[in-house]
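**Student:** One structure follows; several queries about it will come next.
The values are calculated or read from the model by the stated rules, or taken from the named source; none is laboratory data. Quick caveat: nothing in here was measured; it's all calculated off a predicted structure. When we count neighbours, we look across all protein chains shown, and the Cβ atoms used for this are built from the backbone with ideal geometry, even at glycine.
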Amino acid sequence: MSRFNSNRDNYGRHGDNFAPRKFEEYAYILDYIQNGKSSIVRMREGVIIHAVGEEHLTLLELLGVNNEKFSIGERVYIGKDGREKIVSVLGRLDYTHISQSAKNELPTVIEKIVVVNEKRFIDYFNSSQPMTPRVHSLELIPGIGKTYMKSILEEREKRKFESFLDLQERTGLRDAPKLIAKRIYDEISGETRMNIFVRK
């Protein structure tokens, strides 16, 4: 009999120190296997779900409740109390260990998270600072070069941006959610040297 306690989640391991706010409250489903085996916790079988956390944007393996219906892109509660569809969070996953289907869905789901959490990502445009005398952190977003950076900095001095539409109308920067989503995808997949959105 397994001594694993389904109420004690494992994704705080791997160097994390269980500090507050490091745990995800919600996650978005990327893929699920009805009769799967955990790649993290030995002897754990059932509905194995690959998901991405909403706040820290970390990849997670979840154990779903049997006989529940799940859908790709669905937002599920994974916090400590009152879970309805998730038995436990089994642990964090590396990008190379999620399924190919999950990898295929990841760009779309990330963009969905960005749009749903618009204020959080608009705040990045309103508050980001220079990294070095020559490089501003805004330039880490794909598609933002010196011209857009200058326009964003000038406009936010006049008035903070209120939405992606406001940002576009005042600076000409189109598809900001797609650009941010691309940066997040690159961070998750290990294509960047430093992370600005994804917690390592």
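**Student:** Only residues that are closer than 14 Å to GLY91 by Cα and of a type in the set (Asp, Glu): list them for region 46-70, please.
**Tutor:** GLU61
**Student:** Oh, and also: Can you name every residue in region 185-196 that is within 11 Å of the chain's Cα centre (by Cα) and farther than 16 Å from ARG92 by Cβ?
**Tutor:** Selection gives TYR185 alone.
**Student:** Give, as residue ranges, the helices (runs of 4 or more DSSP H) completely inside region 127-200 that count at least 2 residues that are under 24 Å from THR108 (Cβ atoms) and either modelled with pLDDT of 95 or more or among the hydroxyl-bearing types (Ser, Thr, Tyr) (or both).
**Tutor:** Passing ranges, in order: 164-171, 176-188.
**Student:** Then there is this: Could you please let me know if GLU139 is exposed (fewer than 15 other Cβ atoms within 10 Å of the Cβ) and charged (D, E, K, R)?
**Tutor:** No: the conditions fail for GLU139.
**Student:** Quick check on my filter: what residues within region 34-72 are modelled with pLDDT of 95 or more, β-branched (Val, Ile, Thr) and over 17 Å from the mean Cα position of the chain (by Cα)?
**Tutor:** Answer for region 34-72, where residues must be modelled with pLDDT of 95 or more, β-branched (Val, Ile, Thr) and over 17 Å from the mean Cα position of the chain (by Cα): VAL47, ILE48, VAL65.
**Student:** Take the conditions surrounded by fewer than 13 Cβ atoms within 10 Å (Cβ to Cβ), outside the structural domain of SER38 (by TED's automatic domain parsing) and not in a loop (DSSP other than H, G, I, E, B) and apply them to GLU111. Does it pass?
**Tutor:** No.
**Student:** Let me ask something additional. Can you tell me how many residues within region 166-192 are touching a residue at least 60 places away in the same chain (Cβ under 8 Å), out of contact with any strand residue (DSSP E or B) (no Cβ under 9 Å at 6 or more places or on another chain) and over 15 Å from LYS112 (Cα atoms)?
**Tutor:** Total satisfying the criteria: 3.
**Student:** Quick check on this structure: which one of ASN195, ASN104 is closer than 22 Å to TYR26 by Cβ, in contact with a strand residue (DSSP E or B) (Cβ under 9 Å, 6 or more places away or on another chain) and free of Cβ contacts under 8 Å to residues at least 12 places away in the same chain?
**Tutor:** ASN104
**Student:** Got a number for residues in region 74-103 being in contact with a Ser or Thr (Cβ under 8 Å, 6 or more places away or on another chain), surrounded by fewer than 21 Cβ atoms within 10 Å (Cβ to Cβ) and farther than 19 Å from VAL198 by Cβ?
**Tutor:** 1
**Student:** Sticking with this structure for a sec: Filter region 152-165 down to the residues that are crowded, with 16+ Cβ neighbours inside 10 Å and free of Cβ contacts under 8 Å to residues at least 40 places away in the same chain, then identify the one that is farthest from the chain's Cα centre (by Cα).
**Tutor:** GLU155
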